[in-house]
Amino acid sequence: MPHDLNYYLATLAVYFLVYCVLTLGLNITFGMAGIFDFSYITFMAIGAYFAGVAVLPPSNQPGLQWILGLNLGFPLDLLIGAAAAGVMGLLIGLLAIRRIRSDYLAMVLVAVWTIAWSVTSNMIGLFNGQQGLIGVPQPFETQLGVNPNDYVFVFIPIAAVVLAILFTVAYCIERSPFGRALRATREDQDVAAAFGKRTVRLRLTAMTIGCLYAGVAGALTIEFLSAMSPNAWAIVETVIIFSALIVGGRGNVFGAVLGALLVRIVIIEGTGLLPTLPDHPELIGATRNILIGLLVIAVLYFRPQGVIPERRRRYFEARKPAADTSQEVAKGG
C-alpha cells in the first residue's frame with residue numbers, strides 16, 4: 001500500500017485506541033454507576049493539559065506561558081495527567097454527588113464544563129488560553145530518532161499497551177463484587193443502601209476511576225498530536241462518547257470498544273471521506289451528526305441494551321437445578 005494510506009490507517013488506529021480508553025472510562029462512570037457525567041470531556045482535557053505542562057520545559061517566550069513546565073518524560077507525564085483528572089473528578093464528586101442526584105447532577109456537570117472551558121480559554125497563565133499548548137514532545141522521539149512522518153507507527157504500540165492494561169482493569173471491575181455493587185446502585189440507589197451498600201462512596205469511586213481513564217486518554221492525545229487547545233474539547237465530544245457507549249452497550253467492556261469502533265471510526269472517519277461540496281462546506285459535519293443520531297435512535301428502539309448487552313448473572317436459573325434436586329430428594333424420601 002502507498003505510504004499515505006499506511007499513515008492514514010495508522011492514525012485511525014491511534015484514534016481508535018484513544019477512544020477505547022475514553023469509552024471504557026465512561027462505561028465505569030455511566031455504564032456501571034449510572035452517573036450522567038456530561039462534563040466527561042473536561043477530564044480528558046485536564047489530563048492532556050497537565051501531561052503537556054509536565055513534559056514541556058518552562059516557557060521563556062513572551063506571550064507563551066503555562067503553569068509548571070517540569071520537563072519530565074514519559075510515562076511520568078501520563079501518570080500526572082491521569083492523577084490530575086482523577087483528583088479533579090473526586091473533588092467535583094465530593095461537592096455534587098453527595099447532595100445531588102440524577103438530572104440535576106447532569107446539569108451541574110455541564111456547568112463544570114462551561115466554567116473549565118471559560119477559565120482555560122481566558123487565563124493565558126494556565127495553559128496559554130485559546131492558543132493552547134504547542135510543541136509538546138512525543139514519547140521517545142529523541143531516543144529513537146524517528147522521522148516525524150513515521151512516528152505514528154511508534155505510537156501505536158505505546159497506546160496499545162496502555163489500552164491493554166486499562167481494558168484488563170475495567171474487565172476485572174465489571175466482574176468483581178465492586179462492579180456488581182455499582183450496578184445495584186445504578187438500578188436503585190435506595191434499595192442498594194438498604195442492603196448496606198455505601199452508595200455515595202461507590203459512586204465517588206466510580207467517578208474517580210472514570211476520570212482517571214479520561215485523563216489517560218487526554219495525555220495520550222496531547223502526546224500524539226503535540227498540541228491541545230480549547231477547540232479540541234467542545235461539549236459535543238462528550239455527546240459522541242456517550243453515543244458510542246450507548247450503541248456498543250453500556251455496562252460491558254466489549255460493548256464500549258465496539259461503540260468506539262462504530263461511532264468514532266466508521267461514522268466520523270467514514271463521513272470524512274465523502275467529497276466536499278463547495279456550495280455546502282458544512283454538509284459533511286451535518287451528515288455526520290445526523291448519522292450518529294439515527295444510529296443512537298435505532299439502537300435505543302430496536303436494541304436498547306446495545307449491540308453487546310450487559311452481562312447479567314442469572315441467579316434464578318443457577319439455583320433452579322439445585323431446587324429441583326432437593327424436591328426430588330424430598331419426594332423420594
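Some notes on this structure:
- Pairs with Cβ under 8 Å, 6+ apart, first in region 277-306 and without any contact (Cβ under 8 Å) to a residue 60 or more places away in the chain, second among the β-branched types (Val, Ile, Thr) and in a loop (DSSP other than H, G, I, E, B): LEU283/THR276; ILE284/THR276; VAL299/VAL307
- Taking each residue of region 12-35 that is touching a residue at least 12 places away in the same chain (Cβ under 8 Å) and looking for partners that are buried (at least 24 other Cβ atoms within 10 Å of the Cβ) and among the polar types (S, T, N, Q) with beta-carbon atoms closer than 7 Å, six or more apart or interchain, yields VAL18/THR221; ALA33/THR185; ILE35/THR29.
To keep it simple, each residue is scored yes or no on (1) open to solvent by less than 10 Å² (accessible area, probe 1.4 Å); (2) farther than 23 Å from ALA164 by Cβ.
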| position | (1), (2) |
| --- | --- |
| TYR7 | no, yes |
| LEU24 | yes, no |
| THR29 | yes, no |
| GLY47 | yes, no |
| LEU56 | yes, yes |
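- The selection criterion, being surrounded by fewer than 16 Cβ atoms within 10 Å (Cβ to Cβ) and closer than 20 Å to TRP233 by Cα, holds for ILE124.
- Yes/no for VAL119 being more than 20 Å from VAL55 (Cα to Cα), at pLDDT below 90 and either assigned to a helix (DSSP H, G or I) or open to solvent by less than 70 Å² (accessible area, probe 1.4 Å) (or both): yes
- Note on region 212-249: residues that are charged (D, E, K, R) and crowded, with 24+ Cβ neighbours inside 10 Å amount to 1.
- Residue identified as within 18 Å of LEU225 (Cβ to Cβ), touching a residue at least 12 places away in the same chain (Cβ under 8 Å), open to solvent by less than 40 Å² (accessible area, probe 1.4 Å) and in a helix (DSSP H, G or I) among VAL112, VAL152: VAL152
- Qualifying residue in region 251-264 (condition: buried (at least 19 other Cβ atoms within 10 Å of the Cβ), farther than 22 Å from ALA170 by Cβ, touching a helix residue (DSSP H, G or I) at 6+ places or on another chain (Cβ under 9 Å) and of a type outside the set (D, E, K, R)): no
The values are calculated or read from the model by the stated rules, or taken from the named source; none is laboratory data. Since the structure is predicted, the reported quantities are computational estimates derived from the model, not experimental observations. Here Cβ is always computed from backbone atoms with ideal geometry, including for glycine, and neighbour counts include all displayed protein chains. These accessible areas exclude ligands, DNA and RNA; they are computed on the full protein's heavy atoms, side chains included. Shrake-Rupley method; radii C 1.70, N 1.55, O 1.52, S 1.80 Å.
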